[in-house]
Amino acid sequence: MIRTLRELGSVGLVPLEGEASVRVLIVEDEKKVASFIAKGLQEEGHAVDMMHDGENGAIQALSVDYDIVVLDLMLPKRSGLEVLRAIRREKTRLPVLILTAKGELEDRVSGLDAGADDYLVKPFAFAELSARVRALLRRGTGEDTRLRVADLEIETATRMVKRKGQPIDLKPKEYALLEFLMRYAGRPITRTMITEHVWDIHFDSISNVVDVHINSLRNKIDKGFSFPLIHTVRGVGYMLSDKEQ
């Protein structure tokens, strides 16, 4: 049904150029297909959740703040079209990419008429799915690809990070965390908000992973520079700001 990672070479390692790190929901009953997609998107630094039936897929899509949903049509318990209609009743702007083996014209028309933003037929290559995800996330945002706070700058199109003109090398999760903090610069961000956006539903909320990544970022972003940008907000979480706390 899909091309293997070996056939794709390093395609799965290419970042989603021009897009923020995102949280993706995959609703797909073929677990191998779901895992294939999840692995590719996770390698791009994104948080990915998987559901394998329509009933739980709909609940998850409506209860969590996702950036995009990849949705199969032929699902147990509840069809993909039913899930799509449920999403559209409550989340009109949430991008939904249908991924299905049903490739007839009437199937495509039905899916798009039900509210899908795009329609991709199996078999597929991850490179194409990734490109379509990029296009959907880019659509209508009008968003600048450059984020800047004081002398810290991110170019989201290339995921290049610099402070005072000095390049800083970040791991995928470190980058996702930093970009999230920069998009909410000047506002306190709770640990829960961070874990929901940067990690997936299997994240252990008791774990100190967020604090570990924050410390790692501080060593790369703040250490050796004249003033800190990442601040601890006691009893809340963290904030990225050029003002002393």
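What does the charge dipole of segment 51-140 about its Cα centre add up to, to the nearest 20 debye, if the Cβ of each Lys and Arg holds +1 and the Cβ of each Asp and Glu holds -1?
Magnitude of the dipole: close to 240 debye.
Kindly state, to the nearest 0.05, the FRET efficiency for Ala125 paired with Arg146, given R0 = 35 Å and r defined as their beta-carbon distance.
E between Ala125 and Arg146, to the nearest 0.05, is 0.70.
How big is the Rg/Rh ratio for segment 5-138, C-alpha atoms only, Rh by Kirkwood, two decimals?
Radius of gyration over Kirkwood radius for segment 5-138 works out to 0.93.
As a quick test, which of the pairs Lys91/Lys164; Lys31/Lys173; Lys32/Lys223; Lys39/Lys102 have an alpha carbon distance above 32 angstrom in this structure?
Distance filter (> 32 Å) returns Lys91/Lys164; Lys32/Lys223.
What ranking of Val198, Val209, Val233 emerges when the number of other C-beta atoms within 10 Å of each C-beta is taken as an exposure proxy, fewest first?
Val233, Val209, Val198
Label Ser79 and Val233 with points 7 Å out from Cα along Cα→Cβ: what is the distance between them in nm?
About 4.6 nm separates the two model spin labels.
In nm², what is the average projected area of the convex hull enclosing the Cα atoms of segment 146-240?
6.0
Normalising by the residue count of segment 146-240, find the relative contact order in percent from Cα pairs under 8 Å and 6+ residues apart.
Computed value for segment 146-240: 26 percent relative contact order.
Given the Cα-Cα distance of Lys171 and Ser63 and 0.36 nm per residue of separation, how much length would full extension add, in nm?
36.0 nm
Fewest Cβ neighbours within 10 Å first, please rank Arg234, Arg132, Arg183 accordingly.
Going from least to most buried by this count: Arg234, Arg183, Arg132.
Bear in mind these aren't lab numbers, they're just calculated from the coordinates by the rules spelled out. Given the structure is predicted, the values throughout are model-derived calculations rather than measurements. Using ideal geometry, Cβ is built from the backbone for each residue, glycine included, and neighbour counts are taken over all protein chains shown.
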